[in-house]
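Notes for the one structure printed next.
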Ligand code: ADP
């Protein structure tokens, strides 16, 4: 089932209104029951007072010689208070002695409960429905004299007025509560809309920013609030993207440039050879030098491929790799080149250590370092490779006694296609991809590759990898 997408604004408004409505309902219910309780309490108080007056009056009336009727006498005694009340006097057995005129219906009945309470001298309050009339509140009050119940006074009062008051209050609530909720919803929508408007502006700006125009930024409002911080975060992300895009462009340009040099050489050689008839030896020479260029190109293409693979993720299998044999192998491979150049190469301290990753790639990274160490070390110098452990990490260090690197260049050399002038003067400078490939591989394995160097004294490149 597809869900209807609710905007944050609608959701906030709904929540706000819902919560407010719940609060209003609870408060209204409480207010209504408090009012009801207090109205009934007042009625009961009035009944008690009336009952006492009726009782006292009944005695006075009995003493009167001219009897104007109990009701008239009471009216005289109680005044307007009496008008909405009625009473009857009963003997202890519940037989009627005197009563006022009931407005509607006949006599008040004496409930078994009231009778039982009266027997023990206790008053009883009841709510009863008189014949086809409104409900009434009745108090049965026993009069005790000398430890004996001598008379029961029953006073009643119609609850019509009280009920009318309560129902009017209920009507008011039924109108006011939804009205309050509706006003709250309108207000909530307004407030939510205002609060969220900057978000809309922000997403509109963000939508306009494309890969071609990464220089644009989301404007800050200067309030320093959550939205400003969000804008700052997005801007920082854009800045990183801009850098990354620039780097990709630079890389592509450098790569194209790097490919063009051998291609130009190749083309030049072939063109010259084709210009006139050549002897087989001459053709052979041209083909040989062409092959060299093709080899350079192949090598470059392989390097580029490797770099692109490891600058994204390690797509290679992640297996346990023992580093000791790997170092020995790389060292063997480096020995040939070292001998040719008159550089001594050896391993010092080899401790067993294992990591998880791609053995081939790691060997390649180490080979690049050994290659450089040999390449940038003059004849008579030495290269040392060591393997150890340090704080939960395996460390492979390649130390040479070569030309060294100036402090300002120690970070630059890891950029693709970067070759230092000092190295260019040397014989076998490569495409400048060796160190960036090595670093990408090591980073993809969760490790790091650093260099310490002093010009003229030599360099130490160190690979640190998390142990398996
Ligand atoms: P290259 O193919 O030129 O060797 P790298 O990426 O391997 O490219 O190295 C980049 C540059 O770093 C080299 O041109 C060189 O100037 C410098 N470099 C690398 N290793 C060493 C080293 N062991 N001693 C001195 N300079 C080095």
Inset, instruction - Treat each spin label as a single point 7 Å out from the Cα along the C-beta direction, and report the residue 443 to residue 207 distance in nm. - result: 3.4
Legend entry - the chain shape via C-alpha gyration tensor axes, a/c threshold 1.5: prolate
Inset, instruction - Would you mind getting me the FRET efficiency between residue 164 and residue 35? Use the beta-carbon distance for r and R0 = 22 Å, nearest 0.05. - result: 0.95
Legend entry - FRET efficiency, 1/(1 + (r/R0)^6) with R0 41 Å, evaluated for residue 122 and residue 25 via beta carbons: 0.60
Inset, instruction - Evaluate the relative contact order of the chain (contact order divided by residue number), counting alpha-carbon pairs under 8 angstrom at least 6 apart; express in whole percent. - result: 10
Inset, instruction - Using Cα pairs closer than 8 Å and at least 6 residues apart in sequence, work out the relative contact order for the range 295-451, in percent. - result: 26
Inset, instruction - For each of 17, 410, count neighbouring Cβ atoms within 10 Å of the residue's Cβ, then give the residues from fewest to most. - result: 410, 17
Legend entry - Which of 310, 87, 414 has the fewest Cβ neighbours within 10 Å, and the rest in rising order: 414, 310, 87
Inset, instruction - Take the Cβ-Cβ distance between residue 246 and residue 52 as r, set R0 to 56 Å, and report the resulting FRET efficiency rounded to the nearest 0.05. - result: 0.05
Inset, instruction - Once you have the Cα-Cα distance between residue 282 and residue 328, take 0.36 nm times their residue separation minus that, and quote the gain in nm to one decimal. - result: 12.2 nm
Inset, instruction - In nm, give the distance between the simple-model label positions of residue 412 and residue 191, each being 7 Å from the Cα along the Cα-to-Cβ direction. - result: 5.9
Inset, instruction - Would you calculate a helix-derived [θ] at 222 nm for the chain, using -39,500 (n - 2.57) for each DSSP H run of n ≥ 4 and dividing by the full residue count, to the nearest 500? - result: -19500 deg cm²/dmol
Inset, instruction - State, as an integer percentage, the relative contact order of the range 307-397 based on alpha-carbon contacts under 8 Å between residues 6 or more apart. - result: 35
Legend entry - Sorted by Cβ density within 10 Å, fewest first, the residues 308, 28: 308, 28
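Each value in this text was obtained by applying a stated rule to the coordinates, not by laboratory testing. All of these numbers come straight from a predicted model, not from anything done at the bench. Heads up, the Cβs are rebuilt from the backbone with ideal geometry, glycines too, and the neighbour counts pull from every protein chain shown.
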